[in-house]
Amino acid sequence: MDVRSIFDRLQEIFYTLEKNKLRTILTGLTVSWGIFMLILLLGSGYGLENGVHSAFQEDAVNSLWINPGQTSIPYKGIKQGRRILFHNPDVNEINREITRTEAISGRFYLDRSTNVRYEKKTGNFQVVGVRPEYEKIENYFIKTGRSLNQLDENRIRKVAILGIEVQQELFQNRPSIGKYILIKGVSFQVVGIFDDPEDEWNKDRIFIPISTMQKVFSKNDLVHNIAMTINTEDKLEALAVEQEIRELLAGRHTFSKNDRRALFTHNSLIEYSNFMDLFANIRLFIWVIGVGSIVAGIVSISNIMLIAVKERTREIGIRKALGESPNSVIKMMLIETIMITLGFGYFGLIAGVGILEIMGKYITGVAYFKNPEINLGVAFGALLILVLSGALAGIFPARQAAHIRPIDALRDE
Amino acid sequence: MPHQTHDPNIILSLKNIHKTYVQGRNPIPVLKGVELSVKTGEMVSIMGSSGSGKSTLLNIIGLLDDYDQGEYLLAGKQMGKMDETKAAALRNRHLGFIFQSFHLIPFKTAQENVALPLFFQNVPRKKRNQKALEYLEMLGMTQWATHLPNELSGGQKQRVAIARAMVTNPNVILADEPTGALDNDTSFEVMKIFKQINNSGITILIITHEKDIAAMTDRTLYLHDGVIHNRIIK
């Protein structure tokens with residue numbers, strides 16, 4: 001079939017559809033709706049995913065926290081129920097032995113009821129003693145002043161960096177750098193202010209060098225937990241490193257390496273990848289729903305087209321009598337259905353993408369929701385589904401039309 | 001391929017045609033050995049009471065229905081059992097149809113209605129619309145070319161139908177009660193047009209139950225009790 005006759009045929013079909021506007025529009029809108037919902041759902045799903053991804057990006061994705069617990073398995077003659085405690089040597093040993101660890105820091109904290117005072121203002125904040133490289137693990141950034149450094153650590157200086165909410169409460173808008181605050185009655189100099197946009201909890205913390213913390217507020221070199229970043233992006237490798245560390249600490253503290261309660265790990269890479277798996281499943285679910293609504297649209301188109309065929313029985317009978325082949329009738333029906341599906345489906349697609357864009361622009365600053373958008377591949381996939389569903393919807397009406405016998409259709413009433 | 005020498009003057013030849021309808025358990029024989037032959041350029045009418053099988057006969061001749069027994073030659077070619085695609089193509093090429101209720105497509109203009117048979121021949125749009133206009137002109141319907149059927153009177157609609165039947169230059173035009181829905185004066189007009197067309201050499205076969213209409217044709221045949229007679233059987 002040459003280009004002109006294809007064009008001719010399309011004109012013929014357009015004309016027919018135009019002449020029966022109401023029917024065409026009602027039919028088409030069902031498909032529009034189906035695709036619209038699918039795009040909206042998918043886009044929102046991506047928005048959730050991107051939001052989580054972004055949140056995790058801000059904290060180093062490959063960070064690992066180790067918390068001590070209580071033994072639950074008797075081991076080498078020692079009963080269970082023994083508390084495990086970490087100290088500085090544990091941190092150093094991990095740093096030395098485990099090759100994949102990058103930044104590492106023990107943490108010692110004074111809880112949230114710790115009294116902090118500046119001149120007349122007081123507040124209660126959590127104070128955490130950390131090594132300078134902790135900044136790399138938690139990914140907060142310094143707004144004013146400087147961060148804690150190795151010199152502070154070595155010289156056991158009484159210096160502190162404050163989260164912006166601490167600064168707000170104690171200093172309001174007055175300058176804070178270089179001023180002295182009292183932490184539990186002990187004087188510390190403020191050297192920096194930090195912010196952490198992705199982590200609500202950090203904004204009202206105070207960080208001080210851990211050496212200082214241990215000297216001033218503790219009896220020994222106790223460490224409450226250990227945080228580190230791991231040099232890998234692979235889930236399996238991350239798990240392997242976890243296991244290495246577990247075994248190392250199990251050896252040092254004499255507990256079974258299978259004892260899951262002696263040690264608790266929080267591996268953000270694993271969590272992230274679990275989230276990603278979850279999202280893959282959510283996405284699958286969304287596709288199922290979306291496809292379901294499209295199927296509803298197809299059934300509805302098919303029904304309407306069947307009714308249309310009944311209505312047009314006389315017309316089809318005339319056409320056949322005048323010489324239209326059954327194949328031509330079938331083709332006509334199929335193309336009509338596909339055109340309705342494609343045209344209205346495309347409209348639904350555009351509407352969906354448009355709404356997503358508006359959502360992206362106006363829904364900002366919502367936690368875990370960012371960039372709800374559809375990539376081109378998905379959009380084309382949706383379009384392909386439309387064409388196929390149009391064809392599918394058209395099969396039954398087409399067969400009906402093809403079976404119309406002119407003599408029956410033209411029977412004068 | 002016809003295996004007997006065919007008289008080139010005979011455009012339609014039916015020999016011993018039988019057709020039986022199966023209604024439930026009882027087969028109803030409608031045509032019981034129809035013999036019919038029409039010369040090129042004749043205008044022939046077939047009369048018969050209702051239920052006599054006139055429509056059935058016309059359907060068979062018009063390749064819209066098949067027959068159980070016998071032989072049907074159209075323009076010298078055997079018209080036996082064939083698939084619908086082939087039948088449609090043959091209809092389009094050799095036959096033109098005119099119906100009692102006109103059967104124009106309601107959402108197409110007069111011109112588009114007339115052009116439709118050419119669409120099935122893959123004639124490009126411009127050319128077929130042009131041809132359609134020519135035939136409308138022949139029938140005095142030029143200023144109605146862009147009108148829809150529901151804007152036309154009965155006589156005008158039938159004229160459009162006639163133009164449509166002629167547009168493919170068929171061998172035979174088959175008309176099923178062409179004046180059935182028209183008043184006396186309009187019927188007369190339409191028959192005049194038929195005569196004109198016939199004079200230009202196109203064979204016309206008219207089914208009718210009206211004596212006056214039959215009288216205007218060259219020859220009248222009577223379908224009665226499943227066979228063709230040359231005279232009225234009382």
Inset, instruction - Please specify each residue of the range A:233-264 satisfying the condition of being surrounded by 15 or more Cβ atoms within 10 Å (Cβ to Cβ), acidic (D, E) and closer than 17 Å to A:E97 by Cα. - result: A:E237, A:E242, A:E244
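Given the criterion modelled with pLDDT under 85 and either of a type in the set (S, T, N, Q) or open to solvent by less than 30 Å² (accessible area, probe 1.4 Å) (or both), identify the matching residue among A:I294, A:I307, A:I316.
On the way: A:I307 fails: either of a type in the set (S, T, N, Q) or open to solvent by less than 30 Å² (accessible area, probe 1.4 Å) (or both); A:I316 fails: modelled with pLDDT under 85.
The conditions single out A:I294.
Given the structure, is A:G352 assigned to a helix (DSSP H, G or I), open to solvent by less than 10 Å² (accessible area, probe 1.4 Å) and touching a Ser or Thr at 6+ places or on another chain (Cβ under 6 Å)? Spell out the reasoning first.
Working: assigned to a helix (DSSP H, G or I): yes; open to solvent by less than 10 Å² (accessible area, probe 1.4 Å): yes; touching a Ser or Thr at 6+ places or on another chain (Cβ under 6 Å): no.
When the stated conditions are applied, A:G352 does not pass them.
Where residues in the range A:396-413 are assigned to a helix (DSSP H, G or I) and open to solvent by 80 Å² or more (accessible area, probe 1.4 Å), which of them is farthest from the other protein chains (Cβ to nearest Cβ)? Quick ask: steps written out before the conclusion?
Initially, the range A:396-413 is screened for residues assigned to a helix (DSSP H, G or I), giving A:396-402, A:406-409.
From the residues that got through so far, the ones that are open to solvent by 80 Å² or more (accessible area, probe 1.4 Å) too are A:396, A:399-400.
Details: A:F396: 19, A:R399: 13, A:Q400: 15 Å.
Filtering the range A:396-413 for residues that are assigned to a helix (DSSP H, G or I) and open to solvent by 80 Å² or more (accessible area, probe 1.4 Å), the one farthest from the other protein chains (Cβ to nearest Cβ) comes out as A:F396.
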Legend entry - Failed item, numbered, when A:I230 is tested on (1) more than 27 Å from the chain's Cα centre (by Cα); (2) open to solvent by less than 10 Å² (accessible area, probe 1.4 Å): (1)
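Please state which one of B:N59, B:N16 is on the phi > 0 side of the Ramachandran plot and among the polar types (S, T, N, Q). Explain how you work it out, then say what you get.
On the way: B:N59 fails: on the phi > 0 side of the Ramachandran plot.
After ruling out the rest, the residue left standing is B:N16.
Taking B:G155, is it in contact with an Asp or Glu (Cβ under 7 Å, 6 or more places away or on another chain) and either part of a helix (DSSP H, G or I) or away from chain A (no Cβ under 14 Å) (or both)?
Working: in contact with an Asp or Glu (Cβ under 7 Å, 6 or more places away or on another chain): yes; either part of a helix (DSSP H, G or I) or away from chain A (no Cβ under 14 Å) (or both): yes.
Criteria met by B:G155.
Output the number of residues of the range B:57-71 satisfying the condition of being crowded, with 21+ Cβ neighbours inside 10 Å and out of contact with any Pro (no Cβ under 9 Å at 6 or more places or on another chain).
Going residue by residue through the range B:57-71, those that are crowded, with 21+ Cβ neighbours inside 10 Å are B:57-64, B:67.
Of the ones still in play, those that are also out of contact with any Pro (no Cβ under 9 Å at 6 or more places or on another chain) are B:57-58, B:60-61, B:63, B:67.
The number of residues fulfilling the criteria is 6.
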Inset, instruction - Considering every residue within the range B:48-64, establish whether at least one is under 13 Å from A:G323 (Cα atoms), within 14 Å of another protein chain (Cβ to nearest Cβ), in contact with a strand residue (DSSP E or B) (Cβ under 9 Å, 6 or more places away or on another chain) and not aliphatic (A, V, I, L, M). - result: yes
Inset, instruction - Tell me the strands (runs of 3 or more DSSP E) entirely within the range A:129-226 that contain at least 3 residues that are open to solvent by 30 Å² or more (accessible area, probe 1.4 Å) and touching a residue at least 24 places away in the same chain (Cβ under 8 Å). - result: A:141-145, A:186-195
Legend entry - Residue satisfying condition, being in contact with a helix residue (DSSP H, G or I) (Cβ under 9 Å, 6 or more places away or on another chain) and in a helix (DSSP H, G or I), within set A:L269, A:L284: A:L269
Legend entry - Odd one out for A:L342 among (1) touching a residue at least 12 places away in the same chain (Cβ under 8 Å); (2) over 21 Å from A:W287 (Cβ atoms): (2)
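Pull up the range B:23-58, narrow it to residues that are more than 23 Å from B:R231 (Cα to Cα) and polar (S, T, N, Q), then point me to the one that is nearest to the chain's Cα centre (by Cα).
Residues of the range B:23-58 more than 23 Å from B:R231 (Cα to Cα): B:23-28.
When the remaining residues are screened for being polar (S, T, N, Q), the result is B:23, B:26.
Numbers: B:Q23: 27, B:N26: 30 Å.
Top of the filtered list is B:Q23.
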Inset, instruction - May I ask you to verify whether B:G201 is within 14 Å of another protein chain (Cβ to nearest Cβ), open to solvent by less than 60 Å² (accessible area, probe 1.4 Å), touching a residue at least 24 places away in the same chain (Cβ under 8 Å) and assigned to a loop (DSSP other than H, G, I, E, B)? - result: no
Legend entry - Selection from the range A:294-348 of residues that are assigned to a helix (DSSP H, G or I), over 17 Å from A:N20 (Cα atoms), among the charged types (D, E, K, R) and within 11 Å of chain B (Cβ to nearest Cβ): A:R319, A:K320
Inset, instruction - Would you mind finding the one in B:T5, B:T20 that is modelled with pLDDT of 90 or more and either over 16 Å from the mean Cα position of the chain (by Cα) or charged (D, E, K, R) (or both)? - result: B:T20
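Name the residue, out of A:N95, A:N67, that is at negative phi, in a helix (DSSP H, G or I) and not charged (D, E, K, R). It would help to see each step written out before you state the result.
Values: A:N67 fails: in a helix (DSSP H, G or I).
Sole residue among the options that is at negative phi, in a helix (DSSP H, G or I) and not charged (D, E, K, R): A:N95.
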Legend entry - Boolean, B:A163 is over 23 Å from B:L58 (Cβ atoms), outside any loop (DSSP other than H, G, I, E, B) and either open to solvent by less than 20 Å² (accessible area, probe 1.4 Å) or more than 10 Å from every other protein chain (Cβ to nearest Cβ) (or both): no
Inset, instruction - Report yes if some residue within the range B:111-131 is aromatic (F, W, Y), more than 10 Å from chain A (Cβ to nearest Cβ), open to solvent by 30 Å² or more (accessible area, probe 1.4 Å) and closer than 28 Å to A:K21 by Cα; otherwise report no. - result: no
Inset, instruction - Report yes if B:P8 is more than 16 Å from B:I207 (Cα to Cα), part of a loop (DSSP other than H, G, I, E, B) and more than 14 Å from chain A (Cβ to nearest Cβ), otherwise no. - result: yes
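For the structure I just gave you, tell me whether B:M43 is crowded, with 22+ Cβ neighbours inside 10 Å and either free of Cβ contacts under 8 Å to residues at least 24 places away in the same chain or more than 14 Å from chain A (Cβ to nearest Cβ) (or both).
In short, yes.
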Inset, instruction - Return only the number of the condition from (1) within 13 Å of chain A (Cβ to nearest Cβ); (2) open to solvent by less than 50 Å² (accessible area, probe 1.4 Å); (3) at pLDDT below 95 that B:S187 does not satisfy. - result: (1)
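Considering each of B:F107, B:F97 in turn, give the residue that is facing chain A (nearest Cβ under 8 Å), assigned to a strand (DSSP E or B) and hydrophobic (A, V, I, L, M, F, W, C). Before you say what the answer is, go through the steps one by one.
Working: B:F107 fails: assigned to a strand (DSSP E or B).
Result: B:F97 is the single residue among B:F107, B:F97 that is facing chain A (nearest Cβ under 8 Å), assigned to a strand (DSSP E or B) and hydrophobic (A, V, I, L, M, F, W, C).
Yes/no matrix, rows are residues, columns are (1) touching a helix residue (DSSP H, G or I) at 6+ places or on another chain (Cβ under 9 Å); (2) of a type outside the set (D, E, K, R):
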| position | (1), (2) |
| --- | --- |
| A:L162 | yes, yes |
| A:E165 | yes, no |
| A:Q172 | no, yes |
| A:S176 | yes, yes |
| A:Y180 | no, yes |
| A:I183 | yes, yes |
| A:G192 | no, yes |
| A:P197 | yes, yes |
| A:E200 | no, no |
Legend entry - the range B:23-50, residues that are at pLDDT below 90 and hydrophobic (A, V, I, L, M, F, W, C): B:I28
Legend entry - Residues of the range B:78-94 classified as in contact (Cβ under 8 Å) with a residue 40 or more places away in the chain and not in a helix (DSSP H, G or I), total: 1
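If you check B:G226 against the conditions, is it in contact (Cβ under 8 Å) with a residue 12 or more places away in the chain, open to solvent by less than 10 Å² (accessible area, probe 1.4 Å), more than 16 Å from B:V38 (Cβ to Cβ) and over 17 Å from the mean Cα position of the chain (by Cα)? Write out each step before concluding.
On the way: in contact (Cβ under 8 Å) with a residue 12 or more places away in the chain: yes; open to solvent by less than 10 Å² (accessible area, probe 1.4 Å): yes; more than 16 Å from B:V38 (Cβ to Cβ): yes; over 17 Å from the mean Cα position of the chain (by Cα): yes.
Considered against the rule, which asks whether it is in contact (Cβ under 8 Å) with a residue 12 or more places away in the chain, open to solvent by less than 10 Å² (accessible area, probe 1.4 Å), more than 16 Å from B:V38 (Cβ to Cβ) and over 17 Å from the mean Cα position of the chain (by Cα), B:G226 comes out as yes.
The values are calculated or read from the model by the stated rules, or taken from the named source; none is laboratory data. Since this is a predicted model, take the numbers as computed values, not measurements. Cβ atoms come from the backbone with ideal geometry, glycine included; neighbour counts cover every protein chain shown. These accessible areas exclude ligands, DNA and RNA; they are computed on the full protein's heavy atoms, side chains included. Shrake-Rupley method; radii C 1.70, N 1.55, O 1.52, S 1.80 Å.
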